[in-house]
Amino acid sequence: MKRLKTLASAVVTGTLALALAACGGTDGATTEGSSSAGGDGTTYKIGVLQLTEHAALDASNEGFVAALDDAGISYEIDQQNAQNDQSACQTIASKLVNDGDDLILTIGTPAAQAVASATSDIPIIGTAITDFAESGLVADNEAPGGNVTGSSDLTPVADQIELLQQLVPDAQTVGLLYCTAESNSEVQIAMAEEALDAAGIAHERYSVSSSNEIQQVIESMVGKVDAIYAPTDNTIAAGMATVSMVANENKLPVIVGCDTMVEDGGLASYSINYYDLGYKAGEMAVEILTEGADPAEMPIEYLAAEDCQLIANQATADEVGIDISGLENAEIV
């Protein structure tokens, strides 16, 4: 696994300007944060738009709030979830802007795009977004130039493909599973194709436009592919119970983009931690609120390569007949 970690460092540091996430009802809850206000006694008004409910995005949200609490600032937070509904993103974005929030957190690409379209004045922190520039949210990842900045969930795609090769050495064809509504997934799929081409492994794209199509698409892969790769795609992540149910029954190992997807039935991943990602976004928010930092001059931030974690699911490995005992330093769930 030394080679995996070495390659991870190269990928994360060498391709930070590339690659995920996006998805998208509404559930709103306004809660108060720390009772100890900042030096000037200010209570900040913060809006949150999360695209959908699944473990990775939930963890990002939790990390963000933890960073606010650790900073000791006083705040009121309005939690909104679009339940994977694109029109709801627009409605919630308008609400948060009209409420006059001091700062808005957006979790997932469509959420960020909706809020960015609704205001050019209120600072926006995005998280669980792979490539802010590619998604049209900033002019440049190093120099955003507007009111949007945040933390990227770029993952080491090439290392994830190498992990697939290690666990399924006889794989001749890999199915690439993603949602067409998520622009950052397209970027990761292209990176996976490049890695598979370099390894001489055939591949084929299998896409869904909504979670309702996941079961049918997975079933269509049976007999055509030897393994599946799914990047950090919010629609697929939210539907991992279905993905793993069908894939595992048919002995199809699924290498996924993040740890929560492994916990929900995927075979393995070389993953960032979404709680840490959200925490980093929260630290950026505190800088803006309390120090007057300008989002236009705050580069998109990334988790370091050493923060990536190798993780595998023992129950899934047993079900699909894959030996994971050779994964050194892996977290087994």
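Counting only pairs 8 or more residues apart or on different chains, how many lysine pairs in the chain have their Cα atoms under 25 Å apart?
Values: LYS5/LYS280; LYS45/LYS95; LYS45/LYS280; LYS224/LYS251.
Lysine pairs, 8 or more places apart or on different chains, close enough: 4.
Give me the number: length gained by fully extending GLU249 to GLN215, i.e. 0.36 nm times residue separation minus the C-alpha to C-alpha distance, one decimal in nm. Don't skip to the end; give the middle numbers.
Working: separation 34, 0.36 × 34 = 12.24 nm, distance 1.21 nm.
Contour length minus Cα-Cα distance gives 11.0 nm.
If we sort 140-152, 188-200 on the protection proxy, mean other Cβ atoms within 10 Å, highest first, what's the order? Walk me through the numbers on the way to the answer.
Working: 140-152: 21.2, 188-200: 17.8.
Averaged packing, sorted descending, gives the order 140-152, 188-200.
Distance between Cα centroids, region 133-195 to region 235-264: provide it in whole Å.
17 Å
Just to verify a number: what accessible area does TYR275 come out at with the full protein assembly present, 1.4 Å probe, Å² rounded to tens?
90 Å²
Is the shape of region 183-256 best called rounded, prolate or oblate, per the rule: a/c under 1.5 gives rounded, else a/b larger than b/c gives prolate, else oblate, with a ≥ b ≥ c the square roots of the Cα gyration tensor eigenvalues?
Numbers: a/c = 1.94, a/b = 1.21, b/c = 1.60.
It is oblate, given that a/c is not under 1.5 and a/b is not larger than b/c.
Work from the charge dipole of region 220-333 (Cβ charges, +1 for Lys and Arg, -1 for Asp and Glu, about the Cα centre) and give the residue of VAL225, LEU277, THR260 farthest towards its positive end.
Working it through, the farthest residue towards the positive pole turns out to be VAL225.
Here are labelled values, [x] 22.3; [y] 19.8; [z] 23.8, and one is the computed Kirkwood radius over Cα pairs in Å for what I pasted. Which one?
[y]
FRET efficiency for ALA241 and ASN98, Cβ-Cβ distance as r, R0 = 35 Å, nearest 0.05? Intermediate results must be reported in sequence, preceding the final value.
Numbers: r = 36 Å, r/R0 = 1.04.
E between ALA241 and ASN98, to the nearest 0.05, is 0.45.
Tell me, what is the per residue accessible area of region 46-111 in Å², probe radius 1.4 Å? Walk me through the numbers before you get to the answer.
Details: 1920 Å² over 66 residues.
Computed with neighbouring chains in place, this is 29 Å² per residue.
Residue by residue through region 80-96, what is 3J(HN,Hα) from phi via Karplus (6.51 cos²θ - 1.76 cosθ + 1.60, θ = phi - 60°)? Round to whole Hz and write x for glycine and proline.
Ordered by residue, 3J(HN,Hα) equals 10, 10, 7, 6, 6, 10, 4, 5, 5, 4, 5, 5, 5, 4, 4, 4, 5 Hz.
Given a 1.4 Å probe and every protein chain left where it sits, what share in percent of the accessible area of the chain is carbon and sulfur?
43 percent
Keeping all protein chains in position, work out how much accessible area GLU219 exposes to a 1.4 Å probe, and write it in Å² to the nearest 10.
Using a 1.4 Å probe on the heavy atoms, I get roughly 90 Å².
Nearest 20 debye, what's the magnitude of the dipole of the chain about its Cα centre given +1 on Lys and Arg Cβ and -1 on Asp and Glu Cβ? Don't skip to the answer; put the middle values down first.
Working: 9 positive and 51 negative charges, 127 e Å.
Charge dipole of the chain: 620 debye, to the nearest 20.
Sum -39500 (n - 2.57) across every DSSP H segment of at least 4 residues in the chain, then divide by the residue count to get the 222 nm mean residue ellipticity, nearest 500.
Numbers: 12 runs with 134 residues, N = 333.
Dividing the helical sum by the residues of the chain leaves -12000 deg cm²/dmol.
Going by amide H atoms built from the backbone, whose H comes under 5 Å of the H on SER74, apart from near neighbours?
GLY38, TYR44
Please calculate the 1.4 Å probe accessible area of LYS224, with all protein chains present, and give it to the nearest 10 Å².
Answer for LYS224: close to 130 Å² accessible.
GLN172 to GLU62: FRET efficiency via 1/(1 + (r/R0)^6), r the Cβ-Cβ distance, R0 56 Å, to the nearest 0.05?
Values: r = 41 Å, r/R0 = 0.73.
With a Förster radius of 56 Å, E is 0.85.
Whenever you get a sec, line up ASP159, ASP323 from highest to lowest accessible area (probe 1.4 Å, protein heavy atoms). It would help to have the intermediate numbers written out before the result.
Working: ASP159 0, ASP323 110 Å².
Highest to lowest solvent-accessible surface, that is ASP323, ASP159.
5 Å is the cut-off here: which amide hydrogens, built 1.01 Å from N in the peptide plane, fall below it relative to ILE272, excluding neighbours closer than 5 in sequence?
ASP259, GLN309
If you take the charge dipole of the chain about its Cα centre, with +1 on Lys and Arg Cβ and -1 on Asp and Glu Cβ, which of ASN184, PRO123, ILE288 is farthest toward its positive end?
It is ASN184.
Show me 243-249, 204-210, 282-288 ranked by packing, highest mean number of other Cβ atoms within 10 Å first. Please report the intermediate quantities before stating the final value.
Values: 243-249: 21.0, 204-210: 15.3, 282-288: 22.6.
Highest-to-lowest ranking by the protection proxy: 282-288, 243-249, 204-210.
Hey, what's region 117-262 come to in accessible area per residue, 1.4 Å probe, Å²?
Values: 4900 Å² over 146 residues.
About 34 Å² of surface per residue is accessible.
The values are calculated or read from the model by the stated rules, or taken from the named source; none is laboratory data. None of the values given here were measured: they were computed from a predicted structure. So basically every Cβ, Gly included, is an ideal-geometry build from the backbone, and we count neighbours across all protein chains shown. For accessibility, only protein heavy atoms count, side chains too; no ligands or nucleic acids. Shrake-Rupley method; radii C 1.70, N 1.55, O 1.52, S 1.80 Å.
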